[in-house]
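Beneath this line is the structure, given in structure tokens, with notes to follow.
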Amino acid sequence: MVERNGRGRDHPVLTGAPRSPPSAFVEQANVTDPEIYESFAENWPECWDRAAELLSWDRSYETVLEDDDAPFYRWFTGGKLNAAENCVDRHLEAGRKNHAAIRWEGKRGEREVYTYRDLYVATNEVATALRELGVEEDDVVTIYLPMIPELPITMLACARIGAPHNVVFAGLSADALATRMDAADSEYLLTCDGYYRRGNAFNQKSKADNARLKLEHDVRTVVVDRLGEDLPHVLGDDEYDYHELRETFTGETVEPVSRDAEDMLFLMYTSGTTGEPKGVVHTTGGYLSHVAWTAHAVLDVKPDDTYWCAADIGWITGHSYIVYGPLALGTTTVMYEGTPDYPDRDRLWEIVDRNAVDVFYTAPTAIRAFMKWGEEYPNRHDLSSLRLLGSVGEPISPRPWNWYREHIGGGDVPVVDTWWQTETGAVTVSTLPAVDEMKPGAAGPGLPGIDVRVVDDAGEEVEPGESGYLTIARPWPGMARTLYDGDEQFRSEYWDRFSDPDADDWRYFSGDAARIDEDGYLTVLGRVDDVINVSGRRLSTMEIESAITDVPGVAETAVVGRSSEPGGTEIYAYVSTEGGYDDENAVREAIVDSIETAIGPFARPTRILFTPELPKTRSGKIMRRLLENISNGEDLGDTSALRNPEIVGEIQAEILED
Ligand code: WT7
């Protein structure tokens, strides 16, 4: 049994009764051949031609996989392509220029439809403007925008000119933005004046301004005017108005830059086990092939579908399955700016109904909320257009899985539980909806060509029914190529633990624990490292801890994940103060402030507990695991070997107090 933290703790031991895909679904599905697993296994790595074939290449690749410099794999080498051309231009040529590419649903009920032609015009004008501002191929452009159409437009404009984008989630703080721009040496920023938050105008530009002040280099900034009169703003030096730029360059076009398959398409910072976020590098050919293939094979997306992934583009799910995957396939992708409960708790179902959405993809944290709100909300609408449902981001246990299928899917649609990560780029574990049985509570087997292994501490595969570490024994096209911060860190974070370089045996370690059953289906149990997953957002306990220790008066802290009902994770922070600081409330407020400044409001702990000391080993190491057990009301075993065993009872008593 491996230890795991936070999410997954209360995950059921049993999976639900298997279900077969409905025949009506199978008859129309993109991938139906049960032999696909075998054919991928026998024909590996050339099997991945199937993914690459979904794209248009300026020059065909010579080699599917180059593995002589493992773990720095290279996919589709020799090939050239442009991601924006694949997501936009080629659909015009295919005679679908007036087909809807993006259906945007704004927070205040606004609706906008961008056809592929509109997207072509917009991305070309923005690409021209970026060039004029000095952006060159391989310059990293940071994008700090909420869920407005300008977000995918600017991403695609960057892709068009071969400038890797670095999207920073709009809810992150000024400090977090500055850290990411600094780490990525990014001298260009695309942001907006603000956006609506709980009905009020929220100032995004002031966060961007503060971030710029922290940077040592100049930053050319483009500002989208989202709020107009609701939040007037003035542009300073080196700041440009998005709409004015578009006007200046109306009708201008830029030839898409032909990129090597292995050229960087984008950077995405994510939380790791250290205090610093990691810049995950994704490349053009492998990433785009993998996201297009999985949107096709797993989400069963078709060009004539209206497809909706209700995630934020500021994280990898939105990059892969709101923008690149669906647009590469030429489908209509819905983009929603708001929350699921405004103006009422049926908002999402109203959007599904009105747009006749075919495929819907969301996170368990949302599904659990829908379940809590009750079936009356979906029941207000006609959801019969839905053909397939997907889940991503956290484990989903059988109860919400069944509820989702029953009340959103009408009882007879396939539900895919897709396991993947920022680092895997695209889905790596899931059932193929027309091929495999579904088992509620288990994500499924590794996709064809993805060699998933659950191993013990020694790297040996565990028996069915047992849990271990989730590893992947062969490379795959969408995998991260390295970390922007350095190759060494890439090796040590993901490869060192289970690889044997002398034997040229490379194993990617995901940081997750999983259990595998006799059919090779994985039940993902959650992270085993210092990463916690809160409402589908990935946070590093170290990052939160470092924000807490920045507060004057704080001596030491430990941050852990605690399972909350039903099935979520919340943040508990244990804090000891320096002698002389007895105003706990003031310190508490300063801690919340510091976390919001360093990361963002969503990283705020549910509880901050003050304790005279943190439990420690004799050598002085803070026992985080023990604090996690305490937080979760679990059995602690023998704690007598601690340096300060008496503190454990005190903390337990405080936890039990409310
Ligand atoms: C972590 C990756 C992949 C997009 C969203 C999150 C957890 C993801 C599942 C799933 C159980 C899941 C893992 C993983 N996770 N999907 N279907 N079942 N856990 O991307 O922020 O990089 O987080 O999310 O713990 O390691 P991310």
Check your understanding: With contacts defined as alpha carbon pairs under 8 Å and 6 or more residues apart, what's the relative contact order of segment 512-598 in percent?
Key -> 22 percent
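When the dipole is taken about the Cα centre of the chain, and only Lys, Arg (+1) and Asp, Glu (-1) are charged at their Cβ, what size is it in debye, to the nearest 20?
For this selection, approximately 1540 debye.
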Check your understanding: Got a number for carbon plus sulfur as a percent of segment 462-606's accessible area, 1.4 Å probe?
Key -> 40 percent
Check your understanding: What helices in the chain pass both tests, a Cα length along the helix axis of 20 Å or more and a mean Kyte hydropathy of -0.5 or higher, using whole DSSP H runs?
Key -> 116-133, 584-598
Check your understanding: Using alpha-carbon positions, what is the distance between the centroids of segment 304-338 and segment 382-452, in Å?
Key -> 17 Å
Practice item. For Lys207, tell me the accessible area in Å² from a 1.4 Å probe, rounded to the nearest 10. Key: 30 Å²
Check your understanding: Sorted by accessible area (1.4 Å probe), largest first, how do Thr63, Thr250 line up?
Key -> Thr250, Thr63
Check your understanding: How much length is gained if the chain between Asp487 and Asp182 is pulled fully straight, taking 0.36 nm per residue apart and subtracting their Cα-Cα distance, in nm to one decimal?
Key -> 108.0 nm
Review point. Along the positive direction of the dipole of segment 98-165 (beta-carbon charges: Lys, Arg +1; Asp, Glu -1; about the Cα centre), which of Pro152, Pro164, Thr115 reaches farthest?
Key: Thr115
Point to revise | Neighbourhood net charge (14 Å Cβ-Cβ; Lys/Arg +1, Asp/Glu -1) for Pro18 | key: -3
Point to revise | For segment 83-97, 3J(HN,Hα) per residue [Karplus equation, 6.51 cos²θ - 1.76 cosθ + 1.60, θ = phi - 60°, Hz, x = Gly/Pro] | key: 5, 5, 4, 5, 8, 10, 3, 5, 7, 6, 5, 6, x, 10, 4
Review point. Which of Lys278/Lys302; Lys278/Lys439; Lys302/Lys372; Lys372/Lys439; Lys97/Lys205; Lys107/Lys278 have a Cα-Cα distance over 24 Å?
Key: Lys278/Lys302; Lys278/Lys439; Lys302/Lys372; Lys97/Lys205; Lys107/Lys278
Study note, to complete from the structure: Here the tail fraction of P(r) beyond 25 Å, over all Cα-Cα pairs of segment 530-657, rounds in percent to 21 percent
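Would you mind working out the accessible area per residue for the chain, using a 1.4 Å probe, and quoting it in Å²?
38 Å²
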Exercise for review: Treat each spin label as a single point 7 Å out from the Cα along the C-beta direction, and report the Glu276 to Leu636 distance in nm.
Suggested key: 3.6 nm
Study note, to complete from the structure: Subtracting the Cα-Cα distance of Ser385 and Asp457 from 0.36 nm times their residue separation yields 21.3 nm
Study note, to complete from the structure: In order over segment 445-459: 3J(HN,Hα) from phi, Karplus 6.51/-1.76/1.60, θ = phi - 60°, whole Hz, x for each Gly or Pro, gives x, x, 4, x, x, 9, 8, 7, 10, 9, 10, 8, 4, 8, x
Check your understanding: Ordering Asp341, Asp529 from largest to smallest accessible area (1.4 angstrom probe), what's the sequence?
Key -> Asp341, Asp529
Check your understanding: What is the distance, in nm, between label points placed 7 Å from the Cα along the Cα-to-Cβ direction at Glu244 and at Glu46?
Key -> 5.8 nm
Revision key, fill the gap. Measure of exposure for Asp58: accessible area at 1.4 Å probe, Å² rounded to 10, is 80 Å²
Practice item. Express in Å², to the nearest 10, the accessible area of Asp583 obtained by rolling a 1.4 Å probe over the protein heavy atoms while all chains stay in place. Key: 90 Å²
Revision key, fill the gap. The answer for Val301, listing residues at least 5 apart or on another chain whose modeled amide H is closer than 5 Å to its amide H, is His296
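Could you compute the FRET efficiency for Ser258 and Thr339, with r as their C-beta to C-beta distance and R0 at 30 Å, rounded to 0.05?
Working from the Cβ atoms, E equals 0.15.
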Point to revise | Derived scalar couplings ³J(HN,Hα) [segment 374-386; Karplus, 6.51 cos²θ - 1.76 cosθ + 1.60; whole Hz; x for Gly, Pro] | key: x, 6, 4, 6, x, 5, 6, 10, 8, 9, 5, 5, 5
Exercise for review: Would you pull out the residues with amide H under 5 Å of Glu437's amide H, same chain only if 5 or more places away, H placed 1.01 Å from N?
Suggested key: none
Revision key, fill the gap. Relative contact order in percent for the chain (Cα pairs under 8 Å, 6+ apart) equals 16 percent
Check your understanding: Around Thr431, with a cut-off of 11 angstrom between Cβ atoms, what is the net charge of the other residues, counting Lys and Arg +1 and Asp and Glu -1?
Key -> -2
Review point. Could you sort Arg399, Arg604, Arg588 by accessible area so the largest value comes first, with the probe set to 1.4 Å?
Key: Arg399, Arg604, Arg588
Check your understanding: Given Cα pairs under 8 Å that are at least 6 residues apart, what percent is the relative contact order of segment 530-657?
Key -> 21 percent
**Study point:** Simple label model, 7 Å out from Cα along Cβ direction - Asp237 to Arg354, nm
**Key:** 4.6 nm
Review point. Working out 0.36 nm times the residue gap between Leu213 and Val26, then minus their Cα-Cα distance, what length gain in nm do you get to one decimal?
Key: 61.8 nm
Exercise for review: Could you point to the residue in Tyr269, Thr331, Gly78 farthest towards the positive end of the chain's charge dipole, with +1 and -1 charges on the Cβ of Lys/Arg and Asp/Glu respectively?
Suggested key: Thr331
Study note, to complete from the structure: With a 1.4 angstrom probe the carbon and sulfur portion of accessible area for segment 154-241, in percent, totals 41 percent
Review point. Taking Cα centroids, how far is segment 534-611 from segment 86-147 in Å?
Key: 39 Å
Check your understanding: Over the Cα atoms of the chain, how large are the radius of gyration and the largest Cα-Cα distance (Dmax), in Å?
Key -> 24.3, 74
Review point. Which far-off residues, 5 or more places away or on another chain, put their amide H under 5 Å from the one on Cys192, with H placed in the peptide plane?
Key: Val224
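The values are calculated or read from the model by the stated rules, or taken from the named source; none is laboratory data. For clarity, every value in this text was computed on a predicted model and none was experimentally measured. Every residue, glycine among them, receives a Cβ derived from its backbone with ideal geometry; neighbour counts consider all protein chains shown. Note: accessible area is taken over every heavy atom of the protein model, side chains too, but ligands, DNA and RNA are not part of it. Shrake-Rupley method; radii C 1.70, N 1.55, O 1.52, S 1.80 Å.
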